[in-house]
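Working notes for the structure below.
The values are calculated or read from the model by the stated rules, or taken from the named source; none is laboratory data. This one's a predicted model, so the numbers in the text were calculated from it and none came from an experiment. Using ideal geometry, Cβ is built from the backbone for each residue, glycine included, and neighbour counts are taken over all protein chains shown. Surface areas here come from the heavy atoms of the whole protein model, side chains and all, with no ligands, DNA or RNA. Shrake-Rupley method; radii C 1.70, N 1.55, O 1.52, S 1.80 Å.
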Amino acid sequence: MYILDEEAGRDGGVRPQVPRWASKMGTGSREQEFGQPGAMGGPQGPRHRQQELPLRILVPTQFVGAIIGKEGLTIKNITKQTQSKVDIHRKENAGATEKAITIHSSKEGCSQACRMILEIMEKEANDTKIVEEVPLKILTNNSLVGRLIGKEGRNLKKIEQDTGTKITISSLQDLTIYNQERTITVRGGVEECCNAEVEITKKLREAHENDVASLNVSCLCVFQTAEQEVVYLFVPTPAVGALIGKKGQHIRELAHYAGASIKIAAPDNPDDPERMVIITGPPEGQFKAQGRIYGKLKEENFFTAKEDVKLEAHIKVPLTAAGRVIGKGGKTVNELQNLTSAEVVVPRDQTPDENDEVFVKIIGHFFASQTAQRKIREIIQQVKQQERKHQQMVPTPSQPSI
């Protein structure tokens, strides 16, 4: 089957000064949950089915219509012949000259679907004379690129020699926190590009499988030892559809990528300008999930090109640590704000919850928010350690003799 990204609505309100955070928590509110709780999808460990490496390619925007075909017949034919699921991300990056296509299948199915797409683009280019050359562009995570290149570039040079192609890889400088993918550009005829794709994908899959195997060895230990953090992130209500994706596909992929549980709380009323996203996972999972959410909002044009994505996040802290976060005369919280460029607020007159915790509000762009979150977590750990030491020093009362 094939999936086209749904475009969420763009109407939205303004950010309320104080979101009704407390009313959304602990009252049995309905939530949409994606992913499983725990660092690696629950105590059962990773779900291998989700860890297969898809083939992601970039295609010129002007060829997307030809790839889909009238009433979707062309892409349906591709998916049927290759036994693949093909996602065409045509709504992402509005105005971009290229669009991403993700192909989920066996390695043979991915390669066959890629060949068919290349042939369609080659024919379209020849018929329309829009472009002289249609290179194959493969997207892959930066973590796999070094092993594809090989020591002193030997792997890449061998693929070029064996297939008669010219291969280049986008610069590290093009990476952002929102996009950790590099672009592998293969130039040559369709047959040569397809042969190169097979060899490139083989190297990438090997690297990916090694990473997964290494992760599987340690995942149970990670699940048992990594502290699960909870962050409440507020996003514009109109952005919820884009975050979820068609039939929940995008947010499920995000949950698996981040190794976190992601829930979207139901609104108190339909007019709420913000929705609360509850992210539960280890520190790395929080970094990945929040980074992708910030990036998605930027990609989907909920913020202008010149505008920083600034979101509000809440984290809970023990009541005993709240004073330390504020500091004497507000010294610590002021230092936090100066250090991170985030706005950090500990609302006064809070009623602690059943766990004797209150919340801290953080507003800022991604890096500012992450730095503030980490600093606050460090303060919490310091307070907990001091409490444990104090408990160990307190002598236990002697038992009365009978």
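Mind jotting down the distance between the C-alpha centroids of region 55-87 and region 193-211, whole Å? Each part reduced to its Cα centre gives a spacing of 21 Å. Ligands, DNA and RNA left out, the accessible area of region 55-220 computed with a 1.4 Å probe is 49% carbon and sulfur. The candidates THR351, THR332, arranged from most to least accessible area with a 1.4 Å probe in the full protein assembly, appear as THR351, THR332. One decimal place: the segment LYS384-LYS331 gains 17.0 nm when fully extended, by the rule 0.36 nm per residue minus the C-alpha distance.
Coordinate range of the alpha-carbon atoms in region 313-382 per principal axis, descending: 31, 24, 23 Å. Compared with the direct C-alpha span, the chain from LYS306 to THR168 gains 46.7 nm at full extension, assuming 0.36 nm per residue. With protein chains left intact and a 1.4 Å probe, residues in region 229-389 average 44 Å² of accessible area per residue.
Each residue of region 55-220 gets 142 Å³ once the volume of the Cα convex hull is shared out per residue. Extension gain for the segment GLU108 to PHE367, taken as residue separation times 0.36 nm less the Cα-Cα distance, is 89.2 nm to one decimal.
Annotation for region 279-319 versus region 103-164: alpha-carbon center distance of 33 Å. Of the GluC sites (Glu not before Pro) found in region 304-351, the ones in coil according to DSSP and having at most 14 other Cβ atoms within 10 Å of their Cβ are GLU307.
Sequentially through region 162-171, phi angles give Karplus couplings (6.51, -1.76, 1.60; θ = phi - 60°) of 5, 10, x, 10, 10, 10, 10, 10, 4, 6 Hz, Gly and Pro residues having no value and appearing as x. Protein heavy-atom accessible surface, 1.4 Å probe, per residue over region 55-220: 51 Å². Eigenvalues of the alpha-carbon gyration tensor of region 132-185, scaled by 5 and square-rooted, set the equivalent ellipsoid semi-axes at 20, 16, 8 angstrom, largest first. Debye-formula intensities of region 231-286, expressed as log10 I(q)/I(0) at q = 0.17, 0.20, 0.30 Å⁻¹, are -0.54, -0.72, -1.24 (one equal scatterer per alpha-carbon, no solvent).
Counting only protein heavy atoms and a 1.4 Å probe, tell me what percentage of region 223-304's accessible area is made up of carbon and sulfur. Looking at region 223-304 in its full context, I get 52 percent from C and S.
Other residues with beta-carbon under 12 Å from the beta-carbon of LEU175 carry, at +1 per Lys or Arg and -1 per Asp or Glu, a net charge of -1.
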